[in-house]
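For reference, the structure is listed below as structure tokens.
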Amino acid sequence: MSNWVERYRGHILITLINLVVLGGVIVFLGRPPQPEIIVTSPPPTATSLPTPTPRPLRVYVSGAVNHPDVYELPPESIVKDAIEAAGGATSEADLGRINLALSVANGQHIYVPKVGEESPPVSPPTEPSDIASGKAGSKININTASQSEIETLPGIGPSKAQGIIENRPYHSIEEIKKVPGIGEVTFQKIKDLIAVD
């Protein structure tokens with residue numbers, strides 16, 4: 001027996017080494033796999049679009065106020081806000097004849113009558129429907145009105161108002177269309193709000 005062991009000792013040693021290596025490989029491969037770590041980024045948050053900023057209202061305030069002029073007011077303003085922007089009403093103002101809580105419209109002319117004034121040059125604002133139809137005040141005479149008064153017309157800015165003044169006199173309201181920048185569309189917006197002598 002010992003002769004057999006001596007004779008095959010090299011083979012036995014190699015076989016044992018191979019068994020140990022094979023066992024190690026089996027043990028290594030038999031381990032459960034490590035869980036894969038997945039890094040995910042959070043979903044993008046939806047950014048809300050900025051809401052458009054409402055344009056200010058331009059109104060002309062005149063009559064019994066401290067500083068008659070054209071003023072820019074925030075949307076949702078009322079007649080009382082317009083009068084306060086003009087420095088407030090004077091002591092002669094008859095505020096009982098106008099509706100201070102009425103909403104103002106862009107291009108509106110607000111006239112504050114004096115106490116005892118028979119017929120003011122511009123009717124005090126009464127109803128929103130009158131403002132929308134342009135009946136809240138008297139018509140603007142394009143032959144005599146100031147630039148600030150002309151600018152209260154819808155669609156008329158400083159440059160068009162200056163053009164209207166430079167092209168005077170007008171014999172009919174249709175002649176306003178000869179002013180650069182005033183076409184049929186603009187004319188249709190203002191034709192019921194203007195007059196000539």
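The values are calculated or read from the model by the stated rules, or taken from the named source; none is laboratory data. Keep in mind the model is a prediction, meaning the values are calculated, not measured. Cβ placement follows ideal geometry from the backbone for every residue including glycine, while neighbour counts extend to all protein chains displayed.
What to note about this one:
- Of the residues making up the stretch 103-155, those that are at pLDDT 55 or above, in contact with a Lys or Arg (Cβ under 7 Å, 6 or more places away or on another chain) and outside the structural domain of ILE190 (by TED's automatic domain parsing) are ASN106, GLY107, PRO113.
- Selection within the stretch 174-197: residues that are touching a residue at least 40 places away in the same chain (Cβ under 8 Å) and surrounded by 10 or more Cβ atoms within 10 Å (Cβ to Cβ). The member of this set that is farthest from the chain's Cα centre (by Cα) is VAL196.
- Within the stretch 159-180, the set of residues being in contact with a helix residue (DSSP H, G or I) (Cβ under 7 Å, 6 or more places away or on another chain) and part of a helix (DSSP H, G or I) comprises ALA161, GLN162, ILE164, ILE165, ILE176, LYS177.
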